[in-house]
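Read through the structure below, which is laid out as structure tokens, and then see the notes.
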Amino acid sequence: MVDGDVVLALSSSGTLSDFTRHVVQYDLRLKNLTGELPEVSIAFEGLDVQTNGSIDYHRGQLKGHSTLSYDKGLLAAGDLLLEPVAGAIHLSTDFITDMQHLTLDQLKLKDPGGLLAKIPSARINLQHYASQHYAEIVIDVSNLSHIYSAWLQPVMYDTALENIEIEGRASASALLDNGKLESLSFDIQDVSLTDTQGRFSVYELSSHLTGMNNFEDGELSISWQGAELYRLLLGQSDLGFNIKDKNLSVTSPFNIPVYNGELKVFQLSIDELQEGNPTIEFDGILTPVSLSALSSSMGWPSLDGSISGVIPSVRYENSGLKVDGTLLARAFDGTFKIQHLEISDLLSPLPSLSADFSVDQLDLEKLTRTFDFGRIEGKLSGHITGLNMVAWKAHAFDAFFYTPESDDSRHIISQRAVDNLTSLSGSDIGSVLSRSYLRFFENFRYDKLGVGCRLRNNICRMNGIEAASGSAYYIVKGGLLPPRLDIIGYSNEVDWQDLLGRLERVMSDNAPVIQ
């Protein structure tokens, strides 16, 4: 069902007796048209369109000129949702056809918001449209912001580019011949792009692409002045790629500044780019990056020291990230290892992460000083296995952190660290300290410490370095020499959100040490 007004004006000239030559001029106006054509997946509302031109029939050929003005209204065609918000969209062309072949000359599509597309010449075989045609195409986009919102955003639904803010210019030219892309040139200049969900952004992005023989060969260059990925700040970089057999590979290793360090990428390849679901592989190393700068931009508690690491083969495929091998990093004079790391739906609102994580021989004095937890001296090792996170929130894991048996360093824990540990564990040792002679001591010796959590269904089942009486467990077991104390945990099951709340209060507590 279609509603609206249709006004058609026709005039013609020619000889009716032999009909070898006839000219028709037309003017068709559609006003406030509303309806749908389900057989071709088209719907429209409040559509105002005007088309006019002339058709000259002579000895079996039709030639002429046609213009179309799309003035207002909403048009839905497949995934495309269009409305002329910046003024009327114009389309014009000259044409000639013998009903077997169609030739278009000087076809122009103009959106006053910032789009001009031209096809200087095109030939189409109407009998074999899929394989036998020729076209030159030239596109100039002077306002990417308008073209994204007016033309591209509906097509980007349910992709990483579904909701972005973009500014800049772009241009492209292409040559199609016999169903193949003979050549393509694409340029973007000074583009700034920001994801409205805060996942990524790129500043002053420029790129040049040339492709030949249906992307069997070509070159691609990309540069930017700055970028951000989930608050991680990246500096200026330039990348160059070769295109071979429709796949991309980096021409040479390149560096991406990360705060005061660098991500050095040795190998990067992108396969199946034309399929719209590319596979990306890379490997490299991360030179020392300041934890202070990193924690500040990520909104974490202030950290001290630096982090560096080796990045083995990383693969991005089907919106998921997988690391083959072990990610190695150094911080707090210890070693961090991440294995079996996989992230699915990386750029979606609900990414899912799984991994196994371990630390070895961390310097507790540096770690606790960094997090302002209260001083603890000694070494710390541990693991988090079976880690599962959804939307960057932990849903399940098995964790245990402990004093390694090989640790022969001095084991000292301050009264403030004792208070914070007891706040986390729910023990009442802190109140005992305040009522006993131990309150006069600032530091205590310990033999070993350890704490664990098995998280399932938002409940953390706690354990410690050693069993105590009943179902209790040692979190800190005192040393042989005085002053010494034991911290014993009695809560076997703790609500995970409650435990996170305790940790947040401890980390934000800057109260002085009780003397």
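The values are calculated or read from the model by the stated rules, or taken from the named source; none is laboratory data. What you are looking at is a predicted structure, and each value in this text was computed from that prediction instead of being measured. With ideal geometry, Cβ positions are generated from the backbone for all residues, glycine too; neighbour counts draw on all protein chains shown.
Annotations for the structure displayed:
- Residues of the range 367-407 satisfying the condition of being among the charged types (D, E, K, R) and either in contact with a strand residue (DSSP E or B) (Cβ under 9 Å, 6 or more places away or on another chain) or under 21 Å from residue 455 (Cα atoms) (or both): 375, 377, 379, 393, 398, 405, 407
- Boolean, residue 259 is farther than 21 Å from residue 160 by Cα and among the aromatic types (Phe, Trp, Tyr): yes
- Residue in the range 164-182 that is farthest from residue 222 (Cα to Cα), counting only those that are in contact with a strand residue (DSSP E or B) (Cβ under 8 Å, 6 or more places away or on another chain) and at pLDDT below 90: 178
- Condition check for residue 270: in a strand (DSSP E or B), under 22 Å from the mean Cα position of the chain (by Cα) and modelled with pLDDT under 90: yes
- Selection within the range 451-473: residues that are assigned to a strand (DSSP E or B) and free of Cβ contacts under 8 Å to residues at least 24 places away in the same chain. The member of this set that is surrounded by the most Cβ atoms within 10 Å (Cβ to Cβ) is 473.
- Among the residues of the range 137-152, those identified as surrounded by fewer than 18 Cβ atoms within 10 Å (Cβ to Cβ) and assigned to a strand (DSSP E or B) are 137, 138, 139, 140.
- Pairs, first under 17 Å from residue 494 (Cα atoms) in the range 390-403, second acidic (Asp, Glu), C-beta under 8 Å, six or more apart: none
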